[in-house]
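Data first, discussion second: the structure below is written as C-alpha cells.
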Amino acid sequence: MSNTISNINTTNQICNVQAKSKEKEIQHNIENTQIEQNKSQVYYGKDLVQTQNNTKIDNDLAALFQDLKGKDGKDFAETAYKGLVKYFGLDDVAPKSLSWEQSEGRPIVSDYRWYENKVVLYEDYFNKAPKEKQIGYIAHELTHLKQTTNILKTEGLPLGNYAVAIAVSDFKAMMTRNPQMQNAYKTASLNGKGKEFSTYMIQKGAAQTYKELNTVFADVLKQAKHPLNSPEGQKAVNDVKAQAMYNGADLNEYNNCPLEKEAMDIENSIRLAYRQTQNK
Ligand SMILES: [Zn+2]
C-alpha cells in the first residue's frame, strides 16, 4: 500500500507494496500513463477536477494550493498533508502529522502503515521528487487511510472479517517472495499438511491483526458508524473483498487491486489539479 521509487527521475514509477515487515515488500513498475485521465472520485463526494472543456478545481483544494505557494521541503509536505486530511474528511482519524524516515536502501517513497496508523514519507527519496508528485504521494497514502477507517466504521461488518482478509493477503505475499515460508509450505505439503499449514498461518496472522486493529483504532471503532447498506458500507464490503484477493507481491494483482487503483486515481487527480494551478 505504498509508493516507492527506485529512480525518481525515470518516467516509470516503481511502487512498493509494504506489508508488515521489510521482507514482505515488493517493487512494481507502474507506468505513469493515467495522469491525464480525469476520473471522478465518486466515493469522496467531490470531483477533484470537473472537466467538460472547462476545468474547475474544488474550492477547498484551490485554497490549499494557494496556501502552498512559496512553501518548500517539510513545510510544503506538512501543509499539503494537513490540507488533504481536511479535504478527505479525515480530521478525526488521521495522525496529527507526517512521519519522516530514511529509505535505508529500500526503493520506497511513501507508505501508509495501518498497524501504526502512520503516514510515512521516506525523505531521501521524497525530497527529490517534484512538488506535484509529493502532493500525489500524500494523497495516495491518505486514500489507504480512508479505505481502512471506512471499513472500521461500517456497522455489521465484523472486524474479524477484515483481519482475515489482511492475513490472507499477507500470507499470499509471503508465499510469493519469502523463501523460508515457501520451504516451510513445501515441507508441510510433502507430509500432506499443506492446507493445514496455510490455515494455521492465516489464523495466526488474523488473530494478531485483529488485536492490532483493536488497539491502533480503538477511537475509530467507537465512532458513529454507517450501515452496511449505505454507499460507504457497500464500499467497505468490496474493499474487504479486494483486500483478501490482494497479493502485494504480484505485479498484476497490485495493478488490478481496486484499493490500489483508487489510490492511484486519487494520487493522479490531485497531481493534475495541482499542476493546473501551477500553470496559471
Ligand atoms: Zn498504495
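FYI, it's all coordinate maths here, none of it is from the lab. Not measured: the values here are computed from a predicted model. Virtual Cβ from ideal backbone geometry, glycine too; neighbours counted across all protein chains shown.
Let a ≥ b ≥ c be the square roots of the eigenvalues of the Cα gyration tensor of the stretch 53-163; is it rounded (a/c under 1.5), or, if not, prolate (a/b larger than b/c) or oblate? Oblate, because a/c is 1.5 or more while a/b does not exceed b/c. Using only alpha carbons, the stretch 84-243 has a radius of gyration to Kirkwood radius ratio (Rg to Rh) of 1.03. Placing unit charges on each Cβ (+1 for Lys and Arg, -1 for Asp and Glu) gives the stretch 106-174 a dipole about its Cα centre, and among 130, 120, 174 the Cα reaching farthest toward its positive end belongs to 130. Descending by average beta-carbon neighbour count within 10 Å, the peptides 134-146, 177-189, 109-121 line up as 134-146, 109-121, 177-189, the highest first. Spatial offset of the stretch 62-129 relative to the stretch 260-280 amounts to 15 Å, using the alpha carbon center of each.
Residues 124, 170, arranged from fewest to most other Cβ atoms within 10 angstrom of their Cβ, appear as 124, 170.
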